[in-house]
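*Asks:* Below are the structure tokens for one structure; questions will follow.
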Amino acid sequence: MKSPLLSLPGAVPAEGRDEGVAAHYGDLFREQRALADGRGLVDLSHRGVVTVTGDDRLAWLHLLLTQHVSDLAPNQATEALILSANGHIEHALYLVDDGTTVWAHVEPETQGELIAYLESMKFFYRVEVADRTEDFAVVHLPAGSIAEVPDGVAVRETPHGRDLFLPRADLETYAAANGPAVGILAYEALRIESHRPRLGFETDHRTIPHELGWIGTAVHLQKGCYRGQETVARVHNLGKPPRRLVFLHLDGSEVFLPGHGTPVRLAADGEEGRQLGFITTSARHHELGPIALALVKRNVAVDAELMAGDTAAAQETVVEP
């Protein structure tokens, strides 16, 4: 779904998973500084929007999600995962309940598969699931923003800012009044800086929540049964995850950033050394320079000097080994 904000001056379309919105509007670092200062908005209108209504919506979702939502207060933001039977991450939902409806935004083009799963689990519960992507656009306001939220708009308030479920027909007008518009690359740089994982970037087909630090923020360890809970409990109580998320400071002299999937090795072993992990996301940060998140084997020493492809990388611990 192509955003109307791509018609703004300087807009450069994003590619890959974020196709449909702007990568930037001509000045990546200026846009990052605006977000860091609490100014502007990010067009996330390519993300899927799913709603759940009905008297049983919270009790029903509580049975399916990794998060404790049966007593979720109105307007309280949370996030949750849906796992496979083996505990691997399949979906990530960013939720809020407005008192009558649960609103969730999800990765682009994943809402169809998510809704199909939810529909298969309705049974006798009084719930209705709907794809509202064509009607509502997600807009992100950074922490500290003084932009007004229109009446009746569902909002997820988090430490990183506010996610608005804005009527899609109002997107251009709202952006004109509350800009400047900021591209997805600036938003991603700040996400990497704050070590927040993203489905499809930090995850692959075998990722479990412990590897990414999603325990606590998206997984509640004291709630009842849900699909994949056995793996979550077993790893938490008896073992360690096989991999862990790390934050990397990359050599700033390199022209190109290592892309998703770039092998990570010990610097001492060189480019022919054994692969210990891979880059999940990388970006150029307005203060930190080139940065990245990577998923590496748990037993990689926390002080080991690494190489991302042919780029030197110093690590910071995100998930303890």
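The values are calculated or read from the model by the stated rules, or taken from the named source; none is laboratory data. Remember, predicted model here, so these are calculated numbers, not experimental data. Here the Cβ is made from the backbone with ideal geometry for all residues, glycine too, and neighbour counts use every protein chain on show. The area values use the complete protein model at the heavy-atom level, side chains included, leaving out ligands, DNA and RNA. Shrake-Rupley method; radii C 1.70, N 1.55, O 1.52, S 1.80 Å.
*Asks:* Among Val318, Val255, Val264, which is within 30 Å of Ala77 (Cβ to Cβ) and hydrophobic (A, V, I, L, M, F, W, C)?
*Replies:* The match here is Val318.
*Asks:* Does segment 244-253 contain any residue that is without any contact (Cβ under 8 Å) to a residue 24 or more places away in the chain and either open to solvent by 40 Å² or more (accessible area, probe 1.4 Å) or among the β-branched types (Val, Ile, Thr) (or both)?
*Replies:* Within segment 244-253, one or more residues are without any contact (Cβ under 8 Å) to a residue 24 or more places away in the chain and either open to solvent by 40 Å² or more (accessible area, probe 1.4 Å) or among the β-branched types (Val, Ile, Thr) (or both).
*Asks:* A further question follows. Could you say which residue among Pro108, Pro13, Pro74, Pro4 is under 18 Å from Leu164 (Cα atoms) and without any contact (Cβ under 8 Å) to a residue 40 or more places away in the chain?
*Replies:* Selected residue: Pro74, the only one of Pro108, Pro13, Pro74, Pro4 that is under 18 Å from Leu164 (Cα atoms) and without any contact (Cβ under 8 Å) to a residue 40 or more places away in the chain.
*Asks:* Restrict the check to segment 193-209 and report whether at least one residue is open to solvent by 20 Å² or more (accessible area, probe 1.4 Å), free of Cβ contacts under 8 Å to residues at least 60 places away in the same chain, among the aromatic types (Phe, Trp, Tyr) and not in a strand (DSSP E or B).
*Replies:* no
*Asks:* Look through segment 79-106, keep the residues that are under 24 Å from Arg234 (Cβ atoms), not in a loop (DSSP other than H, G, I, E, B) and not hydrophobic (A, V, I, L, M, F, W, C), and return whichever of them is least open to solvent (accessible area, probe 1.4 Å). Walk me through how you get there before you give the answer.
*Replies:* Of all residues in segment 79-106, those under 24 Å from Arg234 (Cβ atoms) come to 79-93.
With not in a loop (DSSP other than H, G, I, E, B) added as a condition, the list becomes 79-83, 89-93.
Narrowing the set further to residues that are not hydrophobic (A, V, I, L, M, F, W, C) leaves 79, 90-91.
Numbers: Glu79: 46, Glu90: 78, His91: 10 Å².
In this case the residue turns out to be His91.
*Asks:* Of (1) outside any loop (DSSP other than H, G, I, E, B); (2) modelled with pLDDT under 95, His249 satisfies all except one. Which?
*Replies:* Just one mismatch for His249, condition (2).
*Asks:* Working only within segment 255-271, note down all residues that are over 23 Å from Gly16 (Cα atoms) and either in a loop (DSSP other than H, G, I, E, B) or over 27 Å from the mean Cα position of the chain (by Cα) (or both).
*Replies:* Across segment 255-271, the qualifying residues are Leu266, Ala267, Ala268, Asp269, Gly270, Glu271.
*Asks:* If you go through segment 272-293 one residue at a time, how many are more than 24 Å from Ala23 (Cβ to Cβ) and in contact with a Ser or Thr (Cβ under 9 Å, 6 or more places away or on another chain)?
*Replies:* So the answer is 0.
*Asks:* Test of understanding: among Arg33, Arg57, which residue is out of contact with any His (no Cβ under 8 Å at 6 or more places or on another chain), open to solvent by 20 Å² or more (accessible area, probe 1.4 Å) and either within 22 Å of Val149 (Cα to Cα) or not β-branched (Val, Ile, Thr) (or both)?
*Replies:* None of the others qualify; the one that does is Arg57.
*Asks:* Another question, if that's okay. Just to be sure before I move on: is Ala304 without any contact (Cβ under 8 Å) to a residue 60 or more places away in the chain, closer than 20 Å to Arg206 by Cα, open to solvent by less than 20 Å² (accessible area, probe 1.4 Å) and of a type outside the set (D, E, K, R) in the structure I sent?
*Replies:* No: the conditions fail for Ala304.
*Asks:* Also, quick follow-up: Within segment 107-136, which residues are open to solvent by less than 40 Å² (accessible area, probe 1.4 Å) and under 19 Å from the mean Cα position of the chain (by Cα)?
*Replies:* Within segment 107-136, Glu107, Pro108, Thr110, Gln111, Leu114, Ile115, Thr133, Phe136 qualify.
*Asks:* If you check every pair at least six apart or on different chains, which have Cβ atoms under 9 Å apart with a residue in segment 147-174 that is within 12 Å of Tyr94 (Cβ to Cβ) and open to solvent by 30 Å² or more (accessible area, probe 1.4 Å) first and a residue that is assigned to a strand (DSSP E or B) and hydroxyl-bearing (Ser, Thr, Tyr) second?
*Replies:* Matching pairs, first to second residue: Thr158/Tyr94.
*Asks:* Same structure again: Quick test of your reading of the structure: Met1 fulfils all but one of (1) buried (at least 19 other Cβ atoms within 10 Å of the Cβ); (2) at pLDDT below 95. Name the failing condition by number.
*Replies:* (1)
*Asks:* With respect to Gly239, is the statement that it is open to solvent by 10 Å² or more (accessible area, probe 1.4 Å) and either free of Cβ contacts under 8 Å to residues at least 12 places away in the same chain or over 22 Å from the mean Cα position of the chain (by Cα) (or both) true?
*Replies:* So Gly239 fits the description; yes.
*Asks:* Of (1) within 19 Å of Ser253 (Cβ to Cβ); (2) touching a Gly at 6+ places or on another chain (Cβ under 7 Å); (3) not aromatic (Phe, Trp, Tyr), His285 satisfies all except one. Which?
*Replies:* (2)
*Asks:* For segment 272-301, enumerate the residues that are open to solvent by 20 Å² or more (accessible area, probe 1.4 Å), among the polar types (S, T, N, Q) and under 20 Å from the mean Cα position of the chain (by Cα).
*Replies:* Ser282, the sole residue that qualifies.
*Asks:* Filter segment 10-69 for residues that are among the hydroxyl-bearing types (Ser, Thr, Tyr) and not in a strand (DSSP E or B); which is farthest from Ala92 (Cα to Cα)?
*Replies:* Checked segment 10-69; the qualifying residue farthest from Ala92 (Cα to Cα) is Tyr25.
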